[in-house]
Amino acid sequence: MITIFVLALLTVLAHLHIFFHPIVISNLNENGYISLFVAKYMGSLMPTVLSWLFLFIIFIQAFLLNNVLNEWKMFQKSAFTTAASYILITACYPEFNCFSPALINNFLIILFISLFARLYNNSKPNSLLFNIGFTISTSVLLFKPNVIFLFISFLALAIIRPFRLKEWFILLIGIIVPVYLLGSILFLSDKLDMIKNCIPYFQIHRIVLMISVWFWIKSSVLLLALFIGIHHWLPNYDRMVIHIRRNWIILFLSMIILSGLPFILYKGCFLDFWILLPLMACFVSSLFLYPKRILLPNLIFILFIILIAHTNLLMIGLIKK
């Protein structure tokens, strides 16, 4: 209970700017039904309510992500470092401090992590594979950038389970069913042309962003924390049982694949990097969990605090970019 209180306090302290300037809604491009939901229902909320909802969502996502990793024994010992890492990462960039469909979509990313972790030695793999395919296909309708998980689902199946054509076929059926149902409904409603609104488009482009010195500093610290976390994760990876190793491989490859997603999606922007944060938090948490000497973890934590303080001062308006 004390740990949960500390995490909640960390979430509030990391986003102190909401007490001065409430959270606003951003990035309402036609990215799926989550975008429509946010535009229709979240826009009518009071700014203060929206701000606290923003904090609540981040806290719940951090807690759920941490519970998934602990439940599937992804670390050699249970801790709340993953939740803390997620909270710290979400507060580093001012661009992330807004209410967006990408934020809500991270609930689905955490669900995917949980589903992939169940693949190894599952007593009912066919049902699970159908559910994975159905869930991921439905998630693409909800948030188009999730389309990359269609590829990741087959990659996870290839890595975690021995090749069985039947299982691959069941996963494919699960992916097709939501598309078939939606197409049938639109056809019967004489609105089949609307299905193009649900199809993700790809276009290689650069991310338009006001880049300052602090942006490079924050990116460097975040990458440093990630690399150090991976450095401490690797020796412990060798001591893990085989199915835990394979789950970690899926997380690592997913993180690499998703890092380039905003650059190839049509109208992709910096906010689409939200999809990457849960996976990064899994590896950054190793930095705070495994080292026997606390000097380096404390140093990285202090750097995070400096970055977060800069973001808060920037959001409040006390300093300029």
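Excluding residues fewer than 8 places away in the same chain, name every one of the aspartates and glutamates whose C-alpha is closer than 16 Å to that of residue 77.
238
Return the lysines within reach of residue 166: Cα separation strictly under 23 angstrom, same-chain partners fewer than 8 residues apart disregarded; answer none if there are no such residues.
124
Among all the aspartates and glutamates, which ones have a C-alpha under 17 Å from residue 144's C-alpha, if same-chain residues fewer than 8 places away are not counted?
Partners within reach: 30, 272.
List the relative contact order of the chain as a percent without decimals, with contacts defined as Cα pairs under 8 Å and 6+ residues apart. Don't jump to the answer; show the numbers that get you there.
Values: 386 pairs, mean separation 81.7, N = 321.
Dividing the mean separation by the residue count of the chain yields 25 percent.
Search the structure for amide H atoms under 5 Å from the amide H of residue 25, placed 1.01 Å from N in the peptide plane, and list their residues when 5 or more places away or on another chain.
Correct list: 99.
Please sort 216-225, 195-204 by packing, taking for each peptide the average over its residues of neighbouring beta carbons within 10 angstrom, highest first.
Result, highest mean first: 216-225, 195-204.
What length, rounded to one decimal in nm, is gained on full extension from residue 186 through to residue 320, with 0.36 nm per residue of separation minus their alpha-carbon distance?
Details: separation 134, 0.36 × 134 = 48.24 nm, distance 4.94 nm.
Computed gain between residue 186 and residue 320 is 43.3 nm.
What order, most packed first, do the peptides 95-104, 167-176 have when packing is the mean number of other Cβ atoms within 10 Å of each residue?
Numbers: 95-104: 22.6, 167-176: 18.0.
Averaged packing, sorted descending, gives the order 95-104, 167-176.
Would you kindly derive the ³J(HN,Hα) couplings of the range 83-93 from the backbone phi angles with the Karplus curve 6.51 cos²θ - 1.76 cosθ + 1.60 (θ = phi - 60°), listing them in order in whole Hz, with x for Gly and Pro?
4, 4, 4, 4, 4, 5, 5, 5, 9, 6, 9
Trypsin sites (Lys or Arg not before Pro) within the range 68-140: which are DSSP loop residues with at most 11 other Cβ atoms inside 10 Å?
On the way: sites: 73, 77, 118; in loops: 73, 77, 118.
Hits after loop and neighbour filter: 77.
Please find the FRET efficiency linking residue 163 to residue 210, where r is the Cβ-Cβ separation and R0 is fixed at 45 Å, and quote it to the nearest 0.05. If you can, show how the numbers build up before the last one.
On the way: r = 48 Å, r/R0 = 1.06.
So, using R0 = 45 Å, E works out to roughly 0.40.
Please give the length that would be gained between residue 239 and residue 126 if that part of the chain were fully extended, namely 0.36 nm times their separation in residues minus their C-alpha to C-alpha distance (nm, one decimal). Write out the running numbers ahead of the final one.
On the way: separation 113, 0.36 × 113 = 40.68 nm, distance 2.99 nm.
Value of the extension gain: 37.7 nm.
What's the exposure ranking of 290, 33, going from fewest to most Cβ atoms within 10 Å?
Working: 290 19, 33 16.
In increasing order of surrounding Cβ atoms, one gets 33, 290.
So who's got an amide H within less than 5 Å of the one on residue 265, skipping anything under 5 residues away but keeping other chains? H placed 1.01 Å off N, in plane.
The answer is 203.
Any idea how far the Cα center of the range 192-208 sits from the one of the range 50-103, in Å?
Distance between centres, Cα-based: 28 Å.
Kindly list the residues of the range 1-36 that lie in the label zone of residue 309, defined by a backbone N under 18 Å from the point 7 Å along the Cα-to-C-beta vector.
Inside the label zone: 10-18.
Of 45, 277, 253, which has the largest mean-square fluctuation in a 10 Å C-alpha GNM of the chain?
45
Counting only helical runs of four or more DSSP H residues, what would the 222 nm mean residue ellipticity of the chain come to if each run contributes -39,500 (n - 2.57) and the total is spread over all its residues?
-21000 deg cm²/dmol
³J(HN,Hα) across the range 201-206 via Karplus (A = 6.51, B = -1.76, C = 1.60, θ = phi - 60°), whole Hz, x for Gly/Pro?
10, 10, 7, 5, 7, 9
Report the extension gain between residue 197 and residue 20 in nm, rounded to one decimal, defined as 0.36 nm multiplied by the number of residues separating them, less their alpha carbon distance. Numbers along the way, then the final one.
On the way: separation 177, 0.36 × 177 = 63.72 nm, distance 3.77 nm.
So the chain would gain 59.9 nm between residue 197 and residue 20.
With 10 angstrom as the radius, rank 294, 308, 110 by how many other C-beta atoms surround their C-beta, starting from the fewest. Intermediate values should be presented prior to the final figure.
Working: 294 10, 308 24, 110 21.
Ascending number of Cβ neighbours within 10 Å: 294, 110, 308.
Specify whether the C-alpha gyration tensor of the range 2-316 places it in the rounded, prolate or oblate class, a ≥ b ≥ c being the square roots of the eigenvalues: rounded for a/c under 1.5, otherwise prolate if a/b is larger than b/c and oblate if not. It would help to have the intermediate numbers written out before the result.
Details: a/c = 1.88, a/b = 1.15, b/c = 1.64.
Here the range 2-316 falls in the oblate category.
Coordinate-derived values only; no laboratory data. Keep in mind that this is a model prediction, so the values were computed, not measured. Cβ: placed from backbone, ideal geometry, glycine included. Neighbour counts: every protein chain shown.
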